[in-house]
1. What translational diffusion coefficient, to the nearest whole µm²/s, does the stretch 257-347 have by Stokes-Einstein, given a Kirkwood radius computed over alpha-carbon pairs, a temperature of 4 °C and 1.567 mPa s viscosity?
2. Cut-off 17 Å, label point 7 angstrom out along Cα-to-Cβ of residue 126: give me the residues of the stretch 54-91 whose amide nitrogen falls inside.
3. With viscosity set to 1.002 mPa s at 20 °C, what whole-number translational diffusion coefficient in µm²/s follows for the stretch 168-247 from Stokes-Einstein and a Kirkwood radius over Cα pairs?
4. Any idea what log10 I(q)/I(0) is at q = 0.14 Å⁻¹ for the stretch 86-161, Debye with uniform C-alpha scatterers and no solvent?
5. If you rank 492, 109, 378 by how much accessible surface each has, with a 1.4 Å probe, what is the order from largest down?
6. Starting from the Cα of residue 505, move 7 Å in the Cα-to-Cβ direction to define the label point; list residues of the stretch 368-402 whose amide nitrogen is under 20 Å from there.
7. Return the sequence-ordered ³J(HN,Hα) values of the stretch 183-190 in whole Hz as given by the Karplus equation 6.51 cos²θ - 1.76 cosθ + 1.60 applied to θ = phi - 60°, using x for Gly and Pro.
8. Taking 1 over the mean of 1/r across every pair of different Cα atoms in the stretch 6-99, what Kirkwood radius in Å do you get?
Amino acid sequence: MVQYRYSRLAPGADNIRLLRLMPHENESTGLECELFEYPLQDMRRGTHQYEALSYTWGGEEKPCSILIKGQDLDVTTNLHAALLRLRHRSLARILWVDAICIDQEHLEERGQQVRLMAMIYSKAYCVIVWLEEMTDDVKGALEYIQCAANEDLAQRSNRKTGEIVVSNLLQRQWFQRIWVLQEVAAARHVIVVCGYTEIDGYAFCLGLKAMRKSQQLSYTALPAFHSLPSLTDLIERAGLRPKHTPNLLQPYSLRIRSLAELVDMFRSRQASDPRDKVYALLGMSSNDPGTAVLQSDYNISWEELFQNLVRFVLGTGVFVKAIGPKAVIRGKGYILGQVSSVTRDDRQDVNVTLSKEILHLGDEIKWSFQATAQSIHEGDIVCILYGALKPSIIRLRKDRFSIVAIAATPLDVNNDLRWPEISESMKQFSRELLLIWDWEDSQGNLENPEEYKTLTKAFCQARAYSEGESGDYLHEATKVWNDIMILDDLGEHENADDRIREARDSYMTAFKKENSPGMLSANVVARSS
């Protein structure tokens, strides 16, 4: 069979393709479809008569196919199963499905269509959340959630079984995928489907809340559940958000939170392409969605995008080097305080003891945060880099500082202080901060100790003695000494003493290397020549 070949979309900023899923009475018959172009330019219209599918690809392999104009288009097993379940016996169904309606091999089109995705999902009259086929380990989960939403205790007699199947369902891949956030946030109406069973999206959220209230569900039980409150909040409030843009010349955005906040909350979610961990959040960002350096562009590398993001959040005054999912960031900053306690459930309530340089703000400040990709812990440090608009929360490790939250933004806007002005008044107390931002590790630990050395060496190529072994020791000693100053700012004098001993040992090692017989002989030869 001939493989389907896409034709180019007609010129126009808002042209998309839609899929017409043809009906059939026989469920086992192959899927026949049509693709046609559709304009979204008429912003005065509320909904458009198509449904948008929210699902997971389920891997890169495409062993199944659908028929379009007598030609085969390969699709993943999970998408094929979803289309079979959605096919009507007698009526054609109009759908938008990313893997089919976007020519994924055409990078320019892919980037342009990704910029439209928030609008595409917001204009659909319904968003269908496909949670894969029904299996024994999740059988009855949606029905149990429906009963919980209706407070039907009689139908929830087998409580233990209900808790297990719901927990299994919530661990399915859809709940970890990053693109689903925008898809349900933009929706006018959400339907959740698993196999042949479906439930209203609002009822789904109410049911989970009821289970949590009756202690049948804990958002802290598993790491996979930590961001569930944020996801269900997006579904529950979807119909309440405005679905229009006042300026037709501006890119469409839901304007839910700042991009930095969204990154802190959701950067650990899954995407087959790491660039989508940024692009999937742009449609929800309250920042200028037209920022050129962050627009969806699949012709640039992940490392370039990552570095652009860091400078966008922290300012152009920082130096940044990205290697894979990790970035090394260096800049001048100020220590604002230290986390003294944390309580968490669906949010994080944090007490921060302020440093002596800003005691005019009080001894302590209380913040509440949404659940973040990396949880805030007692002992974490609050700092602000010079030029940044928001403070960052960092964690001291044995050999480095790791970033927990790059732009700490309290839920209570009254506690969101004028940080740029505060940092300006603290210039005399500045410290050199060398930070690691790891998007893969939710605990802030590098699995391989040598990986940190590789990162910092790649970043600090221009430091003194970069060509000699002794430079490594001197660089390490300088970094440790800077850590000592930060610990002293926090009043952690015992830890500072430990670091002083480390710095002393590092300097002694460097001195011995510099003055070893071999090094002295080399110096003599160099001078004589």
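The values are calculated or read from the model by the stated rules, or taken from the named source; none is laboratory data. For clarity, every value in this text was computed on a predicted model and none was experimentally measured. All Cβ positions, even for glycine, are placed from backbone atoms using ideal geometry, and neighbour counts span all protein chains on display. These area figures cover heavy atoms from the full protein model, side chains too; ligands, DNA and RNA do not enter into them. Shrake-Rupley method; radii C 1.70, N 1.55, O 1.52, S 1.80 Å.
1. It comes out at roughly 88 µm²/s.
2. 54-55, 82-91
3. Translational D for this selection: 158 µm²/s.
4. Evaluating at q = 0.14 Å⁻¹ gives log10 I(q)/I(0) of -0.75.
5. These residues rank, largest area first, as 378, 492, 109.
6. 396-401
7. 5, 7, 5, 7, 5, 8, 8, 10
8. 14.4
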